[in-house]
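Inspection log for the structure reproduced underneath, given as C-alpha cells.
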Amino acid sequence: MPTMDELAQITGRGVAEVLDPTIAILAPILRKNQAAIKEIPLRTFQYGPTDRHQLDVYYPLNPHKSGKTPVLFFVYGGSFTTGERNLSVKFGLVYACLGAFFARQGIVTVIPDYRLVPNVTYPGPVEDVRDAMSWVVQNADEALTSNAVPRSSLLLDKLFILGHSAGAFHTGSLVFNPDVLPFDSDLRARIAGAAMFGGPYDLAALEAGTERGKIYEQYFGSVDEAKKKDILTLVRNYPDGEVGRLPDLVLLKAEQEPDFLHEASDGLKKEIERRRNDEQRIIVAKGHNHISVNWVLGTGEGEEWAYELAEWITSRAGV
C-alpha cells in the first residue's frame, strides 16, 4: 500500500492520536532510504554555552546553476518540552530527512537545538534561535561553505526560517516581537521570509490548570501572560509603521491538523491580511497529519508541500 494511503487509514487528528501510528509507518521507510539521506554533507557546530546550543548544517551536493545559495533555518516543534535537531536515539533520520531534502533543492539548511521547558522561560528559546542565526551569519566562512557552496554564492542578506508546531510559535515570536529582535537589528534586516507551519498561534481559549495550560504556565509564568504574548496578539499589536518592513510570510498547515490548529492558522491568516492589506499565502499539506509532514521527507511520497515551499524560498531569494 502506498505511504499516503496508509497515513489516510489513521483515525483521529490529535497529536497524541497520530504520533505513534505515523512514526510506525514512516520510520521504516526512512531507514530504507537512509543512504540517500546520509549522502548529504552534514556538519555540527556549537553556537552557545550549553549542550542545547548546537546546530546541524546540511549542504547541497552540487552548486546551484544560478550560482546563488539560499539559507534556511528550520525550527522544530515538540510541545515546548521536547525535541532535538536529530532524533538519533530512536530513529536517526529526523530531522536529517528534512535537512537533506532542502539541501537537495540547493538550499543550505540549518537546524539548531534550543532550550526546552521546564529549563527555560520565555523568550529563552526564541533568543536561542536568534543567536543561532546570528552565529551562522557571523561565522559563514566556517559554517556555511563547502565544496559545492563557495562563500560568494551565499545569500546572507536573504535568510529564511521555517518553524513547525512549537517551532512555528518561536518563529512568530522572533518575527513579531521587537523586544527579542529589535527593528534596527542587522539580523532582522537579513530575514527575507518566514514560514510558519501548524503552530498554536492563538491562546485565547487556553485554560489554567489543564495539561496544556501547565506547559504555558511554566514557559510564560501564567496563562494570562501567555495570552498577551501569543502570535495573534503580537501581530495585532505590531506597530503600523513597521508592518511594511516585515519579511515575506507564508503559512502552512496539514490537511488533517487538529481543529484548534486549523482555527489558529485561519485566524492568523486573516489578521495578517488585515494588517498588511494583502492576501496571505497558505500552503496546505494534503493528506498529512501534524506529524507526517516532516517524517515523509525522503520517502518520495507526500513531499509536495516541501517542493512548493522550496520554490517559494528560491523565488523570494531571486534564485
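The rows are residues; the columns are (1) within 29 Å of D240 (Cβ to Cβ); (2) in contact with a Cys (Cβ under 6 Å, 6 or more places away or on another chain); (3) outside any loop (DSSP other than H, G, I, E, B).
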position	(1), (2), (3)
E257	no, no, no
L261	yes, no, yes
G287	no, no, no
G300	no, no, no
Y307	no, no, yes
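Looking only at segment 208-228, which residues are at positive phi and either modelled with pLDDT of 95 or more or not small (G, A, S) (or both)?
Selection gives G221 alone.
What pairs can you find where one residue is in segment 241-255 and at pLDDT 95 or above, the other is exposed (fewer than 13 other Cβ atoms within 10 Å of the Cβ), and their Cβ atoms are less than 6 Å apart, with a gap of 6+ or different chains?
E242/F183; E255/K286
Need the failing condition index for Q138 against (1) under 17 Å from the mean Cα position of the chain (by Cα); (2) without any contact (Cβ under 8 Å) to a residue 60 or more places away in the chain, just the number.
Condition not satisfied by Q138: (1).
What's the total number of residues in segment 1-53 that are of a type in the set (S, T, N, Q), more than 28 Å from N147 (Cα to Cα) and assigned to a helix (DSSP H, G or I)?
So the first thing to find is which residues in segment 1-53 are of a type in the set (S, T, N, Q), and the list is 3, 9, 11, 22, 33-34, 44, 46, 50.
Next, only the ones that are more than 28 Å from N147 (Cα to Cα) stay: 3, 9, 11, 22, 50.
Of the ones still in play, those that are also assigned to a helix (DSSP H, G or I) are 3, 22.
Of the residues in segment 1-53, 2 are of a type in the set (S, T, N, Q), more than 28 Å from N147 (Cα to Cα) and assigned to a helix (DSSP H, G or I).
With L159, L154 as the choices, which residue is in contact (Cβ under 8 Å) with a residue 40 or more places away in the chain and open to solvent by less than 10 Å² (accessible area, probe 1.4 Å)?
L159
Is at least one residue of segment 64-77 farther than 19 Å from A168 by Cβ, open to solvent by less than 50 Å² (accessible area, probe 1.4 Å) and in contact with a His (Cβ under 7 Å, 6 or more places away or on another chain)?
No; the residues of segment 64-77 include none that is farther than 19 Å from A168 by Cβ, open to solvent by less than 50 Å² (accessible area, probe 1.4 Å) and in contact with a His (Cβ under 7 Å, 6 or more places away or on another chain).
Determine whether Q105 is more than 18 Å from F45 (Cα to Cα) and surrounded by fewer than 24 Cβ atoms within 10 Å (Cβ to Cβ).
yes
Taking A194, is it modelled with pLDDT of 95 or more, under 20 Å from H290 (Cα atoms) and touching a Phe, Trp or Tyr at 6+ places or on another chain (Cβ under 7 Å)?
Working: modelled with pLDDT of 95 or more: yes; under 20 Å from H290 (Cα atoms): yes; touching a Phe, Trp or Tyr at 6+ places or on another chain (Cβ under 7 Å): no.
Answer is no for this residue.
Working only within segment 185-220, note down all residues that are touching a Ser or Thr at 6+ places or on another chain (Cβ under 9 Å), under 17 Å from A166 (Cβ atoms), in a loop (DSSP other than H, G, I, E, B) and open to solvent by 20 Å² or more (accessible area, probe 1.4 Å).
D202
With (1) in a strand (DSSP E or B); (2) farther than 27 Å from T69 by Cα; (3) not hydrophobic (A, V, I, L, M, F, W, C) as the list, and K158 as the residue in question, which single condition is left unmet?
(2)
Just name the residue that is most open to solvent (accessible area, probe 1.4 Å) out of those in segment 266-285 that are within 25 Å of A317 (Cα to Cα), in a helix (DSSP H, G or I) and not aliphatic (A, V, I, L, M).
Looking at the filtered set, the residue picked out is R276.
Report, by residue number, each residue of segment 1-19 that is open to solvent by less than 90 Å² (accessible area, probe 1.4 Å) and hydroxyl-bearing (S, T, Y).
Of everything in segment 1-19, just one residue is open to solvent by less than 90 Å² (accessible area, probe 1.4 Å) and hydroxyl-bearing (S, T, Y), namely T3.
Within the set of pairs 6 or more residues apart or between chains, which connect a residue that is open to solvent by 30 Å² or more (accessible area, probe 1.4 Å) inside segment 223-238 to a residue that is not in a helix (DSSP H, G or I) with Cβ atoms less than 6 Å apart?
These pairs meet every condition: K227/L203.
For residues that are within 20 Å of the chain's Cα centre (by Cα) and of a type in the set (D, E, K, R), scanning just segment 215-243, find the one that is nearest to K270 (Cα to Cα).
The qualifying residue nearest to K270 (Cα to Cα) is D230.
Is it the case that L261 is under 19 Å from the mean Cα position of the chain (by Cα) and within 19 Å of L309 (Cβ to Cβ)?
Judged against the criteria, L261 is a match.
The values are calculated or read from the model by the stated rules, or taken from the named source; none is laboratory data. As the structure is a prediction and not an experimental result, all values here were calculated from the model. All Cβ positions, glycine included, derive from the backbone under ideal geometry; neighbour counts span all protein chains shown. Heads up: the accessible areas ignore ligands, DNA and RNA and are worked out on the full protein's heavy atoms, side chains in. Shrake-Rupley method; radii C 1.70, N 1.55, O 1.52, S 1.80 Å.
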